[in-house]
Amino acid sequence: MNEIETKDLSLNDVKHLLRAQIYVGEGKLDMPIKAGTASDLMSDMLTGQNSDAVLLTGLCNVQVIRTSVIAGVVAVVLVRGKQPTQEIITQAREHGLPLLSTPFTMFTSCGRLFSKGLRGVEEKVPAATHAR
Amino acid sequence: MPALTKTFFIKARDFAKAGESSLQIQSILKSIGFTSDLIRRISICAYEAEMNVVMHGGNGELLLTVNPEDIVLDVNDDGPGIEDVELALREGYSTATPEYREMGFGAGMGLPNIKKNTDSLEIDSHNGRGVHLKMSFKVEDS
Ligand SMILES: Nc1ncnc2c1ncn2[C@@H]1O[C@H](COP(=O)(O)OP(=O)(O)OP(=O)(O)O)[C@@H](O)[C@H]1O
Ligand SMILES: [Mg+2]
């Protein structure tokens, strides 16, 4: 297998690679994204080191925003073309959390970001500190 | 004398507000200026406990106490309580309804997450008389 070079993407790269619509975070497009994570389970997002990562999720409710803020996630992408409600957008804006929506499925979204160099959270954290 | 205490009220099944208290706690701790790892652990525990009260418990309250040497979260609710605490602490154990699972809850990871992120944890529950969680976090000099 050819190795894909690992690199940080910007929020703008994520937006383009996922052909995403952006609802919150227009002013933060040059923000670096250090890792990616994907989950449809809230408690999963709170396990492990998801801080500074972009979260891809099939969920579309206000709890996703609150869970992301608690977890320290830096941007949220709703997959499969899910449209956030006004309540979700307001909540994301309140917390300064960029919110996007992509027409791609979860699998395709992850693949597109991975193939451009973005990695999962496990490579962001040294193994020793990962346990906690 | 404790440096700071603050009480938050939690309403059962109020998903419009669920998690707000924990977000406030996170921002209070950030403004005091603890290490990001400590803030992360406390915020996660507060949130998991708050969501449990909203989903499984009754009405309740969350008390934040910031002492010089430790930070304590006391969470009480007047719901049905936990029948078997040891079982509830197991990864994957959940009584969440399909409705809650659809929202993304019910992995059965909340209490194990709390266990992992606290320096000490006490769970007190009597069937029919709610749950009391006492979670403590050591403040290490940075
Ligand atoms: N405050 C509470 N009152 C009554 N039962 C509770 C309470 N907190 C937890 N439980 C019980 O303990 C179980 C395990 O809780 P835990 O937080 O680990 O998982 P969960 O809430 O079901 O799912 P997750 O937290 O992963 O979304 C719950 O399913 C519920 O049966
Ligand atoms: Mg839970």
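For the reader, a short list of remarks on this structure follows.
- Converting phi to 3J(HN,Hα) with the Karplus coefficients 6.51, -1.76 and 1.60 and the offset θ = phi - 60°, the range B:127-139 yields 3, x, 10, x, 10, 10, 10, 10, 10, 10, 9, 6, 9 Hz in sequence order, with x at every glycine or proline.
- Cβ charges +1 (Lys, Arg) and -1 (Asp, Glu), total dipole of the protein assembly as shown, debye: 900 debye
- When chain B is treated as a GNM with alpha-carbon contacts under 10 Å, the residue of B:Ser31, B:Ser22, B:Ser94 showing the greatest mean-square fluctuation is B:Ser31.
- Arranged from fewest to most other beta-carbon atoms within 10 Å of their beta carbon, A:Glu5, B:Glu122, B:Glu50 become A:Glu5, B:Glu122, B:Glu50.
- DSSP-defined beta bridges in the protein assembly as shown - what % are antiparallel, rounded to 5: 75 percent
- Taken one residue at a time, the phi angles of the range B:70-81 give Karplus couplings (6.51, -1.76, 1.60, θ = phi - 60°) of 7, 10, 10, 10, 10, 10, 10, 9, 10, x, x, x Hz. Gly and Pro are set to x.
- Shape descriptor for the range A:9-122: Rg over Rh equals 0.91 (Cα atoms; Rh from the Kirkwood inverse mean 1/r).
- Mean separation of Cα contacts under 8 Å (6+ apart) over length of the range B:4-138, as relative contact order %: 27 percent
- Each residue of the range A:15-25 was assigned a 3J(HN,Hα) from its phi angle through the Karplus curve 6.51 cos²θ - 1.76 cosθ + 1.60 (θ = phi - 60°); the sequence is 4, 5, 4, 9, 6, 8, 8, 10, 9, 9, x Hz, with glycine and proline shown as x.
- Site pair A:Glu5 and A:Glu122 shows an inter-label distance of 2.5 nm when each label is modelled 7 Å from Cα along Cα→Cβ.
- As a proxy for reagent exposure, B:His132, B:His56 were ordered by neighbouring Cβ count within 10 angstrom, fewest first; the result is B:His132, B:His56.
- Screening chain A for whole DSSP H helices with an alpha carbon extent of at least 24 angstrom along the helix axis and a mean Kyte-Doolittle hydropathy of at least 1.0 yields nothing.
- Among B:Lys11, B:Lys138, sorting on how many other beta-carbon atoms sit within 10 Å of each Cβ, with the fewest leading, yields B:Lys138, B:Lys11.
- Dividing the convex hull volume of the alpha carbon atoms of the protein assembly as shown by its residue count gives 138 Å³ per residue.
- The helix-based estimate of mean residue ellipticity at 222 nm for the protein assembly as shown, built from -39,500 (n - 2.57) per DSSP H run of four or more residues and divided by its residue count, is -10000 deg cm²/dmol to the nearest 500.
- Flagged links, alpha-carbon separation over 24 Å, of A:Lys116/B:Lys116; B:Lys116/B:Lys138; A:Lys34/B:Lys134; A:Lys82/B:Lys11; A:Lys28/B:Lys138; B:Lys11/B:Lys138: A:Lys116/B:Lys116; A:Lys34/B:Lys134; A:Lys82/B:Lys11; A:Lys28/B:Lys138; B:Lys11/B:Lys138
- Percent of C-alpha pairs per 5 Å bin, chain B, short to long: 2, 10, 21, 25, 21, 13, 7, 2, 0, 0
- Cβ charges +1 (Lys, Arg) and -1 (Asp, Glu), total dipole of chain A, debye: 180 debye
None of the figures in this text is laboratory data; all of them are computed from the coordinates on show. Everything quoted here is computed from the prediction, not taken from an experiment. In this analysis, Cβ positions are derived from the backbone assuming ideal geometry, glycine residues included, and neighbour counts consider all displayed protein chains.
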